[in-house]
Amino acid sequence: MAKSLAGVVLLAALFMAVDAFRPSGLTNGHATFYGGSDASGTMGGACGYGDLYSAGYGTMTAALSTALFNNGASCGECYRITCDYAADSRWCKKGASVVITATNFCPPNFALPSNNGGWCNPPLKHFDMAQPAWEKIGIYRGGIVPVVFQRVSCYKRGGVRFRINGRDYFELVNISNVGGAGSIKSVSIKGSKTGWLPMSRNWGANWQSNAYLDGQSISFSITTTDGATRVFLNVVPSSWSFGQTYASRVQF
């Protein structure tokens, strides 16, 4: 019995090790801030999360430059950002770091040089952070600081959330509060009267289906960018309506 139990524990540990997201290496970049001291200007954005509080992200967020945003495929990813005190001891807070979620896009400004205002121009790896997040690592007057960053696992409270917009034969589903890798590789949708149907990325974290699912309970299967898959059976009840958000109890 003891050996059997030990085997189960070992298998569980191996499964968790394989399934867990692995942090990336360290990379150099820069960071600025936007959105005001209350981060009100960061709501909405190119990932489509809308109100970042109700989406589970709050004010610890950032807009990614072109080199990082990956046409929206990076929405939901988490990064640990550390101010590079050795490179800028004047404006960096020594040893300070913060974990943010990617919720927006910082567009390039080709009218300005990359080293003077065009911070998000390719190929720069830049974070335009919500001001409350940026001020955890930098001094306000500095405006821009060098950073060292790495992609890390996302730890989210509660389960993955699904906001359904569209009408009849068009479901536009915004998927938020995703843990683990944070970003999504593929999604399938299933009505209670259909089989599994592949969805396509419309923009940001919005995925679309052209099936008629009115009056059916809806399930989703999500695979994140590190290959982890979770199934959300009947997470949306048959009484669902467009414009509503449905929270699951399942998380990565």
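The values are calculated or read from the model by the stated rules, or taken from the named source; none is laboratory data. As the structure is a computational prediction, the values presented were derived from the model and not from experiment. With ideal geometry, Cβ positions are generated from the backbone for all residues, glycine too; neighbour counts draw on all protein chains shown. Ligands, DNA and RNA are excluded from the accessible area calculation, which covers all protein heavy atoms including side chains. Shrake-Rupley method; radii C 1.70, N 1.55, O 1.52, S 1.80 Å.
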Query - Of all residues in the stretch 74-94 being basic (K, R) and in a loop (DSSP other than H, G, I, E, B), the one that is least open to solvent (accessible area, probe 1.4 Å) - result: K93
Query raised in the report: How many of the residues in the stretch 200-252 are of a type in the set (F, W, Y) and in contact with a Cys (Cβ under 7 Å, 6 or more places away or on another chain)?
Result: 0
**Report entry** Selection status of N71, open to solvent by less than 40 Å² (accessible area, probe 1.4 Å) and modelled with pLDDT of 95 or more
**Finding:** no
Query raised in the report: If you take the residues of the stretch 99-150 that are in contact with a strand residue (DSSP E or B) (Cβ under 8 Å, 6 or more places away or on another chain) and of a type in the set (D, E, K, R), which of them is most open to solvent (accessible area, probe 1.4 Å)?
Result: K136
Query raised in the report: Under the condition of being part of a strand (DSSP E or B) and either open to solvent by 50 Å² or more (accessible area, probe 1.4 Å) or farther than 21 Å from R249 by Cα (or both), which residue from the stretch 160-171 is modelled with the lowest pLDDT?
Result: R167
Requested in this report: Only one of these is closer than 21 Å to S153 by Cα and buried (at least 20 other Cβ atoms within 10 Å of the Cβ): S54, S65. Name it.
Outcome: S65
Report task. Identify all residues within the stretch 185-228 that are open to solvent by less than 10 Å² (accessible area, probe 1.4 Å), among the β-branched types (V, I, T) and farther than 14 Å from L172 by Cα; write none if there are none. Result -> I222, T224
Query raised in the report: Is it the case that G72 is under 24 Å from R201 (Cα atoms) and in contact with a Cys (Cβ under 8 Å, 6 or more places away or on another chain)?
Result: yes
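For the stretch 229-247, which positions are open to solvent by 60 Å² or more (accessible area, probe 1.4 Å) and over 18 Å from S54 (Cα atoms)?
Taking the stretch 229-247 as the starting set, the residues that turn out to be open to solvent by 60 Å² or more (accessible area, probe 1.4 Å) are 229, 231, 233-234, 238-239, 242, 244-245, 247.
Result: T229, V231, L233, N234, S238, S239.
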Report summary line: R157 meets each of (1) open to solvent by less than 60 Å² (accessible area, probe 1.4 Å); (2) of a type in the set (D, E, K, R); (3) out of contact with any strand residue (DSSP E or B) (no Cβ under 7 Å at 6 or more places or on another chain) with one exception, condition (1)
**Report entry** Where A31 falls short, out of the listed (1) open to solvent by 10 Å² or more (accessible area, probe 1.4 Å); (2) under 24 Å from S114 (Cα atoms)
**Finding:** (1)
